Amino acid sequence: MTQKKVRLAIIGGTGVYDPRILDNIREEVITTPYGQAKVRIGTYAGEEVAFMARHGVDHSVPPHLINYRANIYALKMLGVERVVATTAVGSCNRELKPGDFVVVDQFLDFTKGRVCTFFEGGEAGVVHTDVTEPYCPELRQVLVAAAQEVGVAAHPRGTYVCTEGPRFETAAEIRMFGQLGGDVVGMTNVPESVLAREAGLCYATVSMVTNYGAGISPTSLTHEEVLEVMAANSENLKKLLFATLRQIPVQRGCACHKNNPALKV
Ligand code: HPA
């Protein structure tokens, strides 16, 4: 385990694998009780930042097989306090168009077969974590303000529907998600955001709409289409991430680390 504290982390989703936004990058493989996690650590504006490619550096790990626990635990071991994640999403709300950024504030969990907690009874006891507000309100506010600073249009809230994947949805599922209040649909924010909360980390996601959901989209969905839209918007995403890193206050003003049974590492 590394001794140095790294306060900030970026988890890069689909289309965001390249940590070269940071300087002096080194790679660390961190061994956790849940397996290994690969992190690249670099500096931005004098501050060390950890970068983790959620799907692996070569996008080889599908959403349902990601070792979410190892990833979040590794960040915790590094001393990370704040995590800004990116996600590619489809839209089940016609007002959210491909290319739009959304700073989601709620999720609906439609995953099915994932390990979703660090707390499995035994010594740790039975733990029920509050997720009334599943994303860090302070970090979300920073993302919204950062988007304004750099002139990137971002919807300030939205409900993220997390599906099991790796298949895309049926047209009926997208219709249902829209009726239930879902705005965007992706495959990774649960359990990632939940584990971050269990670990007492502040966590927020900026979702980028890459396509209309199945049945709204006039064409069938492809991963290539998702990658194309991500690539077309990657400069804006980078600008947004930089501004976010600059604006994160040193002290945490939220309750993410206070009201929850922080995981011991
Ligand atoms: N569905 C689920 N996940 C996604 C989509 C989608 O339409 N687009 C990008 N990630």
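A quick yes/no check of all residues on (1) closer than 30 Å to Phe119 by Cβ; (2) open to solvent by less than 30 Å² (accessible area, probe 1.4 Å):
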{"residue": "Asp18", "(1), (2)": "no, no"}
{"residue": "Pro33", "(1), (2)": "yes, no"}
{"residue": "Val49", "(1), (2)": "yes, yes"}
{"residue": "Asp58", "(1), (2)": "no, no"}
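Scanning the stretch 96-140 for residues that are within 16 Å of the ligand (Cβ to nearest atom), in a loop (DSSP other than H, G, I, E, B) and farther than 19 Å from Thr14 by Cβ yields one hit, Lys112. Inspection of the stretch 157-169 finds no residue satisfying the criterion of being in a helix (DSSP H, G or I), out of contact with any Leu (no Cβ under 7 Å at 6 or more places or on another chain), of a type in the set (Ser, Thr, Tyr) and open to solvent by less than 10 Å² (accessible area, probe 1.4 Å). The set of residues from the stretch 244-254 being more than 17 Å from the chain's Cα centre (by Cα) and either of a type in the set (Gly, Ala, Ser) or closer than 18 Å to Gly151 by Cα (or both) comprises Arg246, Gln247, Gly253. Annotation note: of Val194, Val190, the sole residue that is closer than 23 Å to Tyr34 by Cα, assigned to a helix (DSSP H, G or I), open to solvent by 10 Å² or more (accessible area, probe 1.4 Å) and of a type in the set (A, V, I, L, M, F, W, C) is Val194.
Considering the stretch 6-32, the residues that are in contact (Cβ under 8 Å) with a residue 40 or more places away in the chain and either aromatic (Phe, Trp, Tyr) or in a helix (DSSP H, G or I) (or both) include one that is farthest from Gly56 (Cα to Cα), namely Ile21.
The values are calculated or read from the model by the stated rules, or taken from the named source; none is laboratory data. Predicted model only: the values in this text are computed from it and were never measured. Here Cβ is always computed from backbone atoms with ideal geometry, including for glycine, and neighbour counts include all displayed protein chains. In case anyone asks, the SASA skips ligands and DNA or RNA and just uses the protein heavy atoms, side chains included. Shrake-Rupley method; radii C 1.70, N 1.55, O 1.52, S 1.80 Å.
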